[in-house]
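Derivation of every value follows stated rules applied to the coordinates shown; laboratory data play no part. Bear in mind the structure is a predicted one, so any value in this text is a computation, not a measurement. Ideal geometry is used to build each Cβ from the backbone, glycine not excepted, and the neighbour counts take in all protein chains shown.
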Amino acid sequence: MSLKQQLSELKAHVLENFPKEITDKFAKSIDDLNASGMVERAPKVNEHLKDFTLSNQSGQQRSLSEIRTSGPVVIVFYRGGWCPYCNLELRAYQQLLPQLKAAGAQLVAITPELPDNSLSTIEKNELEFEVLTDVGANYAKEIGLAFSLPEELRPIYDELGGSLEKFNGAGQFDLPIPATMVIDTDGKIAFAHVDPDYTTRANPEDVLMTVQELASVTEQR
């Protein structure tokens with residue numbers, strides 16, 4: 001089953017089993033983000049993505065400029081291991097990992113989850129790629145991908161097991177818009193999918209195709 005189908009089934013389950021007053025609030029928050037113009041201001045194809053230096057799950061510092069020296073980099077921004085949509089996405093990329101590596105690409109995920117929690121996400125989803133912690137979603141803020149979870153949604157998230165302060169730290173309510181990007185060895189964005197609707201994600205096959213196209217261009221040089 002494709003990632004799109006899995007996400008669609010999960011969304012249908014939520015709409016069927018959650019009170020309408022809650023799903024309406026979820027929908028409104030998505031509409032508000034769409035109306036905010038965030039997507040228009042987000043990093044775009046052919047732009048250079050700002051460099052980062054973030055800690056991985058083992059506490060090692062990793063920078064984009066370092067990672068991309070050995071090939072294209074696929075970056076997946078996800079909200080947290082508490083998010084079932086994110087977990088489906090991460091598993092889909094884990095399945096695609098051998099093909100991405102075969103095309104010479106590296107895969108990293110970026111999340112505001114603290115390292116202990118991102119390690120739990122890695123173990124739960126049996127991930128074999130790095131997860132980098134963007135404390136306070138500060139890097140996501142710098143590149144225009146972060147927003148603050150509305151106060152009216154915070155107790156709902158707490159009740160559903162997604163307490164942001166538990167996963168991200170005290171007073172931390174900022175999250176990244178789910179986004180997937182492919183960065184070439186020059187730091188330029190070759191693929192970008194940014195959508196405030198967290199129930200939809202990039203098609204992993206489109207990501208793989210972009211990586212393979214970059215590999216083909218490199219071979220022809």
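Can you tell me the orientation of helix 3-17 relative to the chain, as the angle in degrees between its alpha-carbon axis and the longest Cα principal axis, to the nearest 10? Once rounded, one gets 10 degrees.
Taking only alpha carbon atoms, the range 123-195 gives an Rg to Rh ratio of 1.02, where Rh is the Kirkwood radius.
For the chain, a Gaussian network of Cα nodes joined below 10 Å ranks GLU159, GLU113, GLU47 by mean-square fluctuation, and the top entry is GLU159.
For the chain, the normalised intensity computed at q = 0.14, 0.15, 0.18 Å⁻¹ comes to -0.85, -0.98, -1.44 (log10 of I(q)/I(0), Debye sum over alpha carbons, equal scatterers, no solvent). Pairs of Lys residues in the chain are counted when their Cα atoms are under 14 angstrom apart and they lie 8 or more places apart or on different chains; the count is 5.
Ranked by the mean number of other Cβ atoms within 10 Å per residue, highest first, peptides 178-190, 49-61, 120-132 order as 178-190, 120-132, 49-61. Working note: Cα gyration tensor of the range 59-133, eigenvalues times five, square-rooted, sorted largest first, giving semi-axes of 20, 15, 9 Å. When the helices of the chain are scored as -39500 (n - 2.57) per DSSP H run of n ≥ 4 and the total is divided over every residue, the value at 222 nm lands at -13500 deg cm²/dmol. Peptides 3-11, 142-150, 21-29 ordered by packing proxy, namely the average of other Cβ atoms within 10 Å per residue, highest first: 142-150, 3-11, 21-29. Exposure proxy for MET209, MET38: other Cβ atoms within 10 Å of each Cβ, ordered fewest to most, give MET209, MET38.
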